[in-house]
Amino acid sequence: MMNRAKASYKANKQKFPKPGTQEFSSLQGQAVTYLLQRAELAQRANDLGVKVSNKTVDDRINLVKKQSYGNDQTRFEAALKQQGLTLDQYKTFEKFQLISEEVYKKVTSKVHVSDSAIKDYYTKNKSVYQQKESRDVRHILVNKKSLADQIYAQLVAAHETNFAKLAKKYSKDPSSAANGGKLTIVRGQTVPPFDKTSFALKTGQLSKPVHTQYGWHVIQALSGIRAASATPLSKVKDSIRQQLEQQQKNQLMTTWINNMQKQFCKPGKIKYQVGYKPTTDPCAAFTSTSSTATK
């Protein structure tokens, strides 16, 4: 843990704190807390029947090596060294990660979201699934009104048949110029003057130059206004289920972790090596929370 911290400081071209300094003590305290959490998690995982074999760890490491380093052992080991890790330390780290993943699966395995819960969520958040009015338009954006007036006059004279050509030649809108100025807009999602004019036009109608913060626009409505509609529950049901399941799983896991940490913070459970005096209490957050709750 401290080796990884040293590697991080080195990578950021910072001096590693000297023993006895507050910063060093803080890092040391974080390392101790991490080791305590890891030991307690291993015990609780064992209670849950979670087992991670050496083969599973090796398979995970080989996958990382393949995906990130093209199976190049030299590059892989160099990356570990840069992070302040030996291969054995990295194996321990990956084993801890795999245990954590298996514990997560065990703790959250009974999470179930009912159809009624999904429907209730959809009803309460219907505005999220509401599609506003929309229509297809095309426009030409220029900086000066005088040029906008000239373009408008040319369009009127040619009955708008030259719109795409003029858009490609003059328009300053990078998102639509190459496409002849075409846009699909949704009510309320463009700047107010542009929005108001676009939705006031009849299909095929051309607007006189309209000023916005971006410049001067000449707009033509290409389609009628598509009515607002709600995305049906059937189309969003699966995504809502996944969202609610994830929320429940996260809540369950947070509660489980808090309970685990309270377990290793029981009086007399933590025993330090002779001569080591922690400068940071790894249980401070939990004991203060408990004290506050009982007041």
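The values are calculated or read from the model by the stated rules, or taken from the named source; none is laboratory data. It should be emphasised that the depicted structure is a prediction, and the values quoted were computed from it without experimental measurement. A quick note on method: Cβ atoms are made from the backbone with ideal geometry, for glycine too, and the neighbour counts reach across all protein chains shown.
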Keeping to segment 9-29, report how many residues are at pLDDT 80 or above and within 29 Å of the chain's Cα centre (by Cα). 0
Residue set GLN246, GLN242; condition without any contact (Cβ under 8 Å) to a residue 12 or more places away in the chain, surrounded by 13 or more Cβ atoms within 10 Å (Cβ to Cβ) and within 29 Å of VAL107 (Cβ to Cβ); output residue GLN246
ALA78 vs (1) closer than 26 Å to TYR34 by Cβ; (2) surrounded by fewer than 15 Cβ atoms within 10 Å (Cβ to Cβ); (3) in contact with a Lys or Arg (Cβ under 6 Å, 6 or more places away or on another chain): all pass except (3)
Take the residues in segment 39-89 that are hydrophobic (A, V, I, L, M, F, W, C) and in a loop (DSSP other than H, G, I, E, B); name whichever of them is modelled with the lowest pLDDT. LEU85
Those residues of segment 149-205 which are among the β-branched types (Val, Ile, Thr), assigned to a helix (DSSP H, G or I) and in contact (Cβ under 8 Å) with a residue 40 or more places away in the chain, in sequence order: ILE151, VAL156
Search segment 39-75 for residues being among the aliphatic types (A, V, I, L, M) and over 20 Å from MET253 (Cβ atoms), and hand back the single one that is surrounded by the fewest Cβ atoms within 10 Å (Cβ to Cβ). LEU63
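Quick grid of which residues meet (1) within 33 Å of the chain's Cα centre (by Cα); (2) of a type in the set (Phe, Trp, Tyr):
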site	(1), (2)
TYR152	no, yes
VAL156	no, no
ALA164	no, no
THR197	no, no
LYS202	no, no
LYS208	no, no
SER239	yes, no
Quick check on LYS110: is it charged (D, E, K, R), part of a loop (DSSP other than H, G, I, E, B) and more than 25 Å from the chain's Cα centre (by Cα)? yes
Of residues in segment 120-148 being free of Cβ contacts under 8 Å to residues at least 60 places away in the same chain and not small (Gly, Ala, Ser), the one farthest from LYS208 (Cα to Cα): ASP120
Test: SER127 is more than 16 Å from VAL57 (Cα to Cα) and touching a strand residue (DSSP E or B) at 6+ places or on another chain (Cβ under 8 Å): no
